[in-house]
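The values are calculated or read from the model by the stated rules, or taken from the named source; none is laboratory data. It should be emphasised that the depicted structure is a prediction, and the values quoted were computed from it without experimental measurement. Positions of Cβ are generated from backbone atoms using ideal geometry, with glycine treated the same way; all protein chains shown enter the neighbour counts. Ligands, DNA and RNA are stripped out before the accessible areas are found, and what is left, the full protein with its side chains, is counted by its heavy atoms. Shrake-Rupley method; radii C 1.70, N 1.55, O 1.52, S 1.80 Å.
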Amino acid sequence: QGGFRSNIDPEELFRNIFGDKNSPFGNFANFSQGGGGGAEHVDFGPKEYHVNLTFQQAAQGVSKDMYVSIMDTCNKCTGNGSEAGSKPERCPSCNGTGMETISTGPFMMRSTCRRCSGRGTFNKNPCGECKGVGQTNQRQKVTVPVPAGIEDGQTVRMPVGSKEVFITFKVEKSEYFTRKGADVYTEASISLAQSALGGTVRVQGIYEDLNIQIPAGTPSHTRMRMSEKGIKKVSGFGHGDHYINIKIKPPKNMTNKQSALLKAFAEIEKDTPGTVLGLTYALGGKKVVMEDKDGLVADIREALEDDDKSTEEGKSS
């Protein structure tokens, strides 16, 4: 109660001392009223743009064309802000210093010159293109050199004229490759025969197809490493590795002959973990095919037994 209350509006006081242009409330007032004055000429620093890439483009590198908008030197006045035939003159308000002294009773205050906005010069005949600012908002086509090995979300800084922009890359995921840094992971299917006897399989690589050597007796889920066949390292030397997860693809829709061969093999297979469908155990633990309509398994079994007899006779002689 009885405390001091002021009826002075701080915004109005500031304007009385410094003028509307230097009021800290000026810009906000303009924005709130939908104005903004010369806001189109304000350069808020480097802009950020996004570039979409496929997985292969990011891995191998590519050049992408795009358009950017930047505040750059006015092409008409080359940046001096004046029409042709005229040039900026020294500001009479601040005598070219860019600062003015304001007397408010017993106080002397220095602030940015309201007439020239601190430049020290003003244009009697401002450029019609940039309105005397010396810069215009320009749309330019640029070519972005995407470095090989760029990752999703990485940002690079790129010069455009006298300015620069930030480029952030968005990389699509691959249905075939899984990427972890510079290393890539893929899967390869091999047949039952390749798993047991060995062989080769051809897989797609980052830069070229790769021939993978499959050793005999390769189990499923074996991981093979192809050194230096991964993605180029952006922040280092060399390439990552390409890892291939091997999966055995079981045969489906077998012919009678293929089925008979596998059943005959199952009869003489050792250390079978569990049972084999269609086979039973005879006396002595020997496995025997339960049903052999065409007699194909019996023919194979007989051929194997004849071969065993021939081998034994050869040894005895």
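Side notes on the structure shown:
- Contact order relative to length of the stretch 113-181, as percent, for alpha carbon pairs under 8 angstrom and 6 or more apart: 18
- With the simple spin-label model, which puts each label point 7 Å out from Cα in the Cβ direction, the Lys141 to Ser93 separation comes to 4.4 nm.
- Estimated FRET transfer efficiency (Ser259, Ile212; beta-carbon r; R0 25 Å; 0.05): 0.30
- Across the accessible surface of the stretch 59-202, with the other protein chains kept in place and a 1.4 Å probe, carbon and sulfur atoms take up 47 percent.
- Karplus-derived HN-Hα couplings along the stretch 184-189 (A = 6.51, B = -1.76, C = 1.60, θ = phi - 60°), whole Hz, x at Gly and Pro: 10, 10, 9, 10, 9, 9
- Residues whose placed amide H lies under 5 Å from that of Gly79, excluding near-sequence neighbours: Cys74
- Each label point was placed 7 Å from the Cα along the Cα-to-Cβ direction; for Lys64 and Leu277 their separation is 5.0 nm.
- Computed across the stretch 206-255, the Kirkwood hydrodynamic radius from all distinct Cα-Cα pairs reaches 13.2 Å.
- Building the convex hull from the alpha-carbon atoms of the stretch 203-288 and averaging its projection over directions returns 8.5 nm².
- Per residue, in Å², the accessible surface of the stretch 103-248 once ligands and nucleic acids are set aside, probe 1.4 Å: 59
- Remark: C-alpha extents of the stretch 41-123 on the principal axes read 71, 38, 14 Å, sorted largest to smallest.
- Karplus-derived 3J(HN,Hα) values for the stretch 101-107, using 6.51 cos²θ - 1.76 cosθ + 1.60 with θ = phi - 60°, are 9, 10, 9, 10, x, x, 9 Hz; glycine and proline are entered as x.
- Measuring against 29 Å, Cα to Cα, the residue pairs Lys47/Lys233; Lys47/Lys173; Lys173/Lys229; Lys141/Lys170; Lys247/Lys293 contain Lys247/Lys293 as the ones spanning a longer distance.
- Rounded FRET efficiency, nearest 0.05, which uses the C-beta distance separating Glu151 from Arg115 and R0 of 45 Å: 0.30
- Remark: the stretch 93-184 carries a charge dipole of roughly 520 debye about the Cα centre, counting +1 on each Lys and Arg Cβ and -1 on each Asp and Glu Cβ.
- Centre-to-centre, using Cα atoms only, the stretch 193-226 and the stretch 90-136 are separated by 76 Å.
- Amide H contacts of Glu187 (H built 1.01 Å from N, in plane; Pro and chain starts excluded): Asn245 sit under 5 Å, all sequence-distant by 5 or more or on other chains.
- In the complete set of protein chains, residue-level accessible area for Glu164 is approximately 60 Å², probe 1.4 angstrom.
- For the stretch 58-104, a crude dipole built from +1 on the beta carbon of Lys and Arg and -1 on the beta carbon of Asp and Glu, taken about the Cα centre, is about 80 debye to the nearest 20.
- Accessible surface ranking for Asp65, Asp271, 1.4 angstrom probe, highest first: Asp271, Asp65.
- The stretch 110-185: C-alpha pair distances exceeding 19 Å, %: 63
- Phe166 accessible area, assembled protein chains, probe 1.4 Å, Å²: 60
- Accessible area of Thr73 in the full protein assembly, 1.4 Å probe (Å², nearest 10): 60
- For the stretch 126-285, the Kirkwood radius over C-alpha pairs fed into Stokes-Einstein at 10 °C and 1.306 mPa s yields D = 75 µm² per second.
- Sequence-distant residues sharing a close amide H with Asn125 (under 5 Å, placed H): Glu83
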